[in-house]
Amino acid sequence: QTREQMPLKFIDKVEIFGGPSLSFNRGNMFVENYKGDYANENFIENKRLIKIGYSFGAGFYHPISNWLDINARVLWEVKGSKSELDVPLNPVNDDRRLNIESTYTYRYATVNLAPVAYVGKNRKWSISLGVYYSFLKDVKGYEVTKYFEIDYSTNPFTTTDVVMEDNFIGRKIRGFRDDGGVNSISFIPGTKSFKNNDYGVMVGLSYSLR
């Protein structure tokens, strides 16, 4: 018995899914590619890196006709941003650099709603175009700071990489002097510096192997 011969059900299909995802982020100078020139030929460079995340959830298909369904999904999504900030350690007569790699992890509860149109006699291909709405649950930050420490006990003096790690819930924002050095660090706890809601349009193209 083909689908055309079967009566339409309220829910035709239920799906459970999960898998990895990649985050590409744009925004202010702390989460995108950025390079600025400062006094004494110093510069600040911030490289935007790819952040790996994941999502999992359940979906339901409500048939409208033999070639059109409505797909509703409820997801738990882990997204984020990752960047590498390169600044002068001590800009006055000093060529050493300070490197700060920041990773932010955003956890969202998301609802998707999209019509799914099937193409072809065998319904192998499908096209979807819909909307999503996400609510931010929490934000966690992780930073690895690398800088150079001078060892005055040796002759000649040597420099050693020193690594500091910091986990926090919220966000850090840095200020810079005219010569490019860091002169302030502000910490905003929790989700206060992020938008609580995310929404947009999603487009999908799929092929069934069945």
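Quick look at the values:
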| item | result |
| --- | --- |
| Proximal lysines to LYS195, defined as alpha-carbon separation beneath 24 angstrom and excluding residues fewer than eight positions away on the same chain | LYS47, LYS51, LYS79, LYS82, LYS137, LYS140, LYS172 |
| Whichever aspartates and glutamates have a C-alpha closer than 19 Å to that of LYS35, once near sequence neighbours (fewer than 8 apart) are set aside | GLU45, GLU84, ASP86, ASP95, GLU101, ASP178, ASP179 |
| Accessible-area composition of the chain, carbon plus sulfur, in percent [1.4 Å probe] | 56 |
| Alpha-carbon centroids, the stretch 120-145 and the stretch 52-105: separation in whole Å | 10 |
| Magnitude of the charge dipole, the stretch 72-210, Cβ model with Lys/Arg +1 and Asp/Glu -1, debye to 20 | 1460 |
| Cβ charges +1 (Lys, Arg) and -1 (Asp, Glu), total dipole of the stretch 162-206, debye | 180 |
| 1.4 Å probe accessible area per residue over the chain, in Å² | 64 |
| For the stretch 38-175, Kirkwood radius (reciprocal of mean inverse C-alpha pair distance, Å) | 19.4 |
| Gain upon complete extension [ASN196, TYR54; 0.36 nm per residue less C-alpha separation] | 49.2 nm |
| Extension gain (nm, one decimal) between GLU15 and ASP138, 0.36 nm per residue minus Cα-Cα | 41.6 nm |
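The values are calculated or read from the model by the stated rules, or taken from the named source; none is laboratory data. Computed from a prediction, not measured in an experiment: that's the story for all the values here. Positions of Cβ are generated from backbone atoms using ideal geometry, with glycine treated the same way; all protein chains shown enter the neighbour counts. To get the accessible areas, we keep the full protein, side chains included, count just its heavy atoms, and leave off ligands, DNA and RNA. Shrake-Rupley method; radii C 1.70, N 1.55, O 1.52, S 1.80 Å.
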